[in-house]
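Everything below concerns the one structure shown next.
The values are calculated or read from the model by the stated rules, or taken from the named source; none is laboratory data. All figures in this text were calculated on a predicted structure; none of them were measured in a lab. Cβ: placed from backbone, ideal geometry, glycine included. Neighbour counts: every protein chain shown.
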Amino acid sequence: MKELRVGMIGYGFMGRAHSNAYKRLTDFFPVNHRPVLKAACARNKEKAEAFAKVWGYERIETDWKALVAADDIDLIDIGSPNNTHLEIALAAAKAGKMVLCEKPLAMSVKEAEKMVAAVEKYKVPNMVWFNYRRVPAIALAKQIIDEGRVGRAFHYRATYLQDWTIAEDVPQGGPGLWRLDASVAGSGVTGDLLAHSIDTAMWLNGPITRVVAKTETFVKERLHVETRKKQKVTIDDACMFLAEFANGSIGTFESTRYARGRKNFNTFEMNGADGSVYFDLEEPEYLQYFEYKQNQSGKKVESHLTGWRKIHTTNSEHPYMNRYWVPGTCIGYEHTFLNALADFVMGIESGKPTQPDFRCALQTQKVCDAVLKSARSGKWTATGAK
Ligand SMILES: NC(=O)c1ccc[n+]([C@@H]2O[C@H](COP(=O)([O-])OP(=O)(O)OC[C@H]3O[C@@H](n4cnc5c(N)ncnc54)[C@H](O)[C@@H]3O)[C@@H](O)[C@H]2O)c1
C-alpha cells in the first residue's frame, strides 16, 4: 500500500465530510493507496487542534502556505470558503501536490481558468467535490440515460431549495455566515447550490449553451459580523433560469434560501421520448424511472400496467453498492464523499483521471457566470459551450 498523505484545509462542514472519507476509504474500497491524515489547517489554533484530535490528524498548521510547502504532504484538500480556492490551488499545483477542491471551483471564470491552467501545467491530479454525482441513485440515472433508455431528451428540471436566511436579523460575513457575503462566496445560491444542479445536469444531459436568468435579493441590508455595521447584501438570495442544452432539450433551474420548510430540497427530473428519471435528495436511495415500453412487435405502447417505478438503489448491481451492505440496506450523505474519493484514487491508479476535474468544473463555472450576467442584463447569455 502506498501512503497518500493528506493536508486538509478547513475544519468546518466539509473538513468533517472529507476527513470521514479519508478514514474509511480502505475499509470499503480495494485501492492501493492508504490515506494518512497528516495535517489539518485553519487559522484558529485551538479549533484546528480540537478538530485534529477528533479526526486523528498528526499535526496542525495555521497557515495554508506552510501546509502547501510541507514535504510530508501529497495531497492538498481545499475545504475552505470560496475566496480562498484560487490562491491555495495555484500554490498547491506549483508545489506538485494533488489538489482536491470544494465547489464552486472559484469565484469567477477568470479565477477558474487560472486554476485549470495551473493543475494542467504542473500535471497534478485534481478533482472538484461535486459529490452528488456519487449518490448511487444519481449515478444510476446516468447509467439509464447512457443506455439510451430515456431517448431523445426534451426537458430537464432542477430545484435546489433551502430556507435558512429568511429572518432579516441573520447577519452576513464571518465564520459560518460567509455564504451571505459576496466578497467571500462570489455569489449566493448560484455558486452555492445551483453549481451542484448544473454539474449534475451537464453530467446527465450534456452541455448547457445559453441561459436567461432572474435573481432576487429579498433582504437588502444585513449586519456584517466583521464590521458590525449594516451593509448592503450583494448575493443572490434566489435564482431561476431557463437553459438550452446542446442536444436540443430545454431546462428550468430554481434555487432559493427562502422556501419556507425546505432544508436541502434537491431534485431533478429529465423527460425524453422513451422514458423519464426523477430524483429527490430527501429520498436519496430511490431513483424513479418511467419506461415507455415496447410491445412484442417493437412498437412503443402504454398499457394498464404502465407507470413510474421507484427503484430502491441498494442492490449490488447499483453503482457503488457492492462496496457496502446487503441489498435493501442504505448508505448516507457521507458516503457520497467516500465514493468520490474512491473514484479519485482509482483514477490515479488506473491513469484515467476521474471527473469532474478542474477543467470539467470550469464549464459549470461558465454557466454560473452566464446566469449571473444574464440576471444583470435580462438577456439570453451564451455559456461558450457548443
Ligand atoms: N460538496 C458539497 O456538497 C459542499 C457542502 C458544503 C460546502 N461546500 C463547499 O466547501 C467549502 C467550505 O464550506 P463549509 O460549509 O465547510 O464551510 P465552513 O464555514 O463550515 O468551514 C470553512 C472552514 O474554512 C476555514 N478557513 C477559512 N479561511 C481559511 C484560511 N484562509 N485558511 C485556512 N482555513 C480557512 C475555517 O476556519 C473553517 O474551518 C466551500 O467552498 C463550500 O462551497 C461544499
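Points worth noting:
- Single condition GLY7 does not satisfy, out of (1) assigned to a helix (DSSP H, G or I); (2) closer than 29 Å to SER183 by Cα: (1)
- Among the residues of the stretch 292-314, the ones that are among the hydrophobic types (A, V, I, L, M, F, W, C) and either in a loop (DSSP other than H, G, I, E, B) or modelled with pLDDT under 85 (or both) come to 2 in all.
- Hey, MET98 buried (at least 24 other Cβ atoms within 10 Å of the Cβ) and at pLDDT 95 or above or not: no
- Leading residue by the ranking (nearest to the ligand (Cβ to nearest atom)) among those in the stretch 11-69 that are among the hydroxyl-bearing types (Ser, Thr, Tyr) and free of Cβ contacts under 8 Å to residues at least 40 places away in the same chain: THR62
- Residue count, the stretch 72-87 (criterion: touching a residue at least 60 places away in the same chain (Cβ under 8 Å), among the hydrophobic types (A, V, I, L, M, F, W, C) and touching a Lys or Arg at 6+ places or on another chain (Cβ under 9 Å)): 3
- When we screen ALA182, ALA106, ALA195 for residues that are at pLDDT 95 or above and either aromatic (Phe, Trp, Tyr) or more than 12 Å from the ligand (Cβ to nearest atom) (or both), the only hit is ALA182.
- Positions within the stretch 156-214 being part of a strand (DSSP E or B) and either of a type in the set (A, V, I, L, M) or not assigned by TED's automatic domain parsing to the domain that holds LEU281 (or both), in sequence order: ALA158, LEU161, ILE208, VAL211, VAL212, ALA213
- Out of ALA375, ALA370, one residue alone is aliphatic (A, V, I, L, M), under 25 Å from TRP129 (Cα atoms), touching a Ser or Thr at 6+ places or on another chain (Cβ under 6 Å) and at pLDDT 95 or above. It is ALA370.
- Neighbours by Cβ (under 6 Å, 6+ apart or cross-chain): first from the stretch 266-278, farther than 16 Å from GLU147 by Cβ; second assigned to a strand (DSSP E or B) and among the acidic types (Asp, Glu): THR267/ASP280; TYR278/GLU269
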